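Worksheet: one structure, shown below.
The values are calculated or read from the model by the stated rules, or taken from the named source; none is laboratory data. These figures come from a predicted structure and were not determined experimentally. Here the Cβ positions follow ideal geometry from the backbone for every residue, glycine too, while neighbour counts run over all protein chains shown. Heads up: the accessible areas ignore ligands, DNA and RNA and are worked out on the full protein's heavy atoms, side chains in. Shrake-Rupley method; radii C 1.70, N 1.55, O 1.52, S 1.80 Å.
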Amino acid sequence: MMLGKRMEEDTEQDALFGEKSSRRTTVAEALDQLDVGRFHVQHLLRMILAWVIFAATQESTPYVFQGLRATFHVDEDSIATFAASFPLGCAAGALAASPLLDHLGRRGTLLAILPLAAAVSLAAGMAQNILVLNILRTLQALAFSIALTGMSAWYIEFLPTSTRGMLMAAYGIGWPIGRAVVILVAYLVKEQWTHFMDVSMVGFMVLFVSLFLADESPRFLAASGRSGDAAQVLKRMYESTQRGSWENRAVSPEMHSPVEGRSRARELLLNRENRNLLIFASLLFMMLSSTTVLLDTWGPHLYHQLLTPDAAVVPHRILMLFNMGDLAGIVLSIFLIDHIGRCGSFVIGFFVQGSLLAALTCLGRSTPAYMLAVACGTLSSACRCFAWESAQMWTLEVFPTQIRATAFSVAMAVMRFASILSLKLSAQYVEVLSAANALRTLAALLILSGFFSTCLLPKETANVPMTEASTDEGKAF
C-alpha cells in the first residue's frame, strides 16, 4: 500500500520536472548541497525581523510598570500579577503550538496566529482596567508563544548543517534591537504604556506580510508525506540562490509514515532516548526561567537601585549600554558558536555571566569602581545570548523532524510555567532584599545552572546533521 503511494508520488514528481528524474535526494542532502546565497540572506532577515518584534513584545514588561501604577493606581502584588500574565499565556501557547504546527504546518500556523496577535495587542492598548489588561496580555502572550515556536521550527528546517549554528546565532541580533526599541519608547513616552502595545501590533502585521511571501518548511513537507511539495520548495530555493542546479532531481519519499498527534506524544514519551532528551531540555529551560527571565524582568529595577539609587527614573543610558553589550555578544557568538559547541556556549552563558554579575555587585560607588561595575554589567549582558540561544538550538537540533515542534513546545511550556512560579515567588523579595543581594542570588543560580548544563549534557549537536526521523522504535521504555 505504502509502496503504491510512493510510486504514485514518484510519477507526480516526474511530471513536475518534465522527464524521468536521474537523481533522487533527501531534503537534508539537498539543503546541505545548496551554497549559502541570496535565499539564506532573505531567510535570515525574516527571522531577525521576527526576533525584533518578539523582543519588543516581551521586553516591554518591566517598562510599563510605572505607567500602570500611574494609570490604574495598582499595588506591587498587582504588578507581579501583570508580569506573570505573560508567561502564563506563553505556557498555554506553547502547549497549543505543537498540534497547530503539525496540522496547519509551520508557515500555515504563523499566517493564522499573527493577525490574532495584532488584534489582541491593539485591544490591550485600549484596556480600561488592570483585570481586562491582564486577560488581554495573557491572550497576546498565547499568540506570541505560538508564533515564536513556529518561527523557531520553521527557520531551522531550511538550514544546511555546515552553517546552521552560525545562521542560528545570527538572528539573535534582532533581540537587542527589539529591546533597544523598547528602551527608546520608554524614554520618549514616559508613563504612556499603551504605545508599547501599538508597537507590538504593527510588528505582528509586518511579520504576517513577510511570512505571506515565504514558503513552507521542506523538511516538514517531506515528513508529512508531501515529497512533491518539498521538491517544489527546494527548486525555488535553488533558483533563488543561483548557485546550484536542481535540474533532473527530485525528493526521495520519506521511509516512514506521517506521525499523528497521539503517535508524536507516544514517540516522545515512550522512546527512552527521546524521553531522556526531553527531560534534560525541560530542566534546561527551567533554569533559564529562574535566571534569564528573572533578570530580564527585574533587572532594570535592580540596576536602578544598585547603580543610580538617587535617580528618579530607570537609567535608560546604562540599560542601553547593557543592551549594546548583548548585541556585541550575539555578533561574537555568530563566529564562535560552532567552534565552541553547545557545551562551550553554556560555559559562557552560565559560568562567565554569573561571575561577572557577582563582580558587579561587589564594586563600590567611587568613580573608578562605578565605571568598572558598568563594564562588568555590559560584559555580563554580552554573555546572556550564549545560554539562551544554545538551549533553543540544542532542543531544535537534537529531536527528529516528526517530533521537533512537539518537543520544543513542551520544553517552552515547562519554562513558562516555571517563569510564573519564579516571578510570583521573587516579587515579594525584590523589594525586601537589597539590589546587590538579589543580583548575587541570580548570579549563584547562573553558576549552578552552568554545572548542570555542562556536566549532564546528553550529546553535542553542533556541526551534526539534524535527524529527519526516529529510527529505533525498540528503545521504548
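Helices in the chain, meaning DSSP H runs of at least 4 residues, each add -39500 (n - 2.57). Divided by all residues, the mean residue ellipticity at 222 nm is -25500 deg cm²/dmol. Accessible area per residue for the chain is 40 Å², calculated with a 1.4 Å probe on protein heavy atoms, without ligands, DNA or RNA. Between Glu431 and Asp198, the modelled labels are 3.1 nm apart [label points 7 Å from Cα along Cα→Cβ]. Counting only trypsin sites (Lys or Arg not before Pro) that DSSP places in a loop and that have at most 13 other Cβ atoms within 10 Å, the longest clean stretch of the chain runs over 21-189. With a Cα cut-off of under 28 Å and a minimum spacing of 8 residues unless on different chains, the lysine pairs in the chain number 5.
Measuring nothing but how far apart in sequence close Cα pairs (under 8 Å, 6+ apart) lie, relative to its length, the chain scores a relative contact order of 24 percent.
Taking the three principal axes of the alpha carbon atoms in the chain, the coordinate ranges are 76, 47, 45 Å, sorted in descending order. Of the solvent-accessible surface of the chain, computed with a 1.4 Å probe over protein heavy atoms with every protein chain present, carbon and sulfur atoms account for 65 percent.
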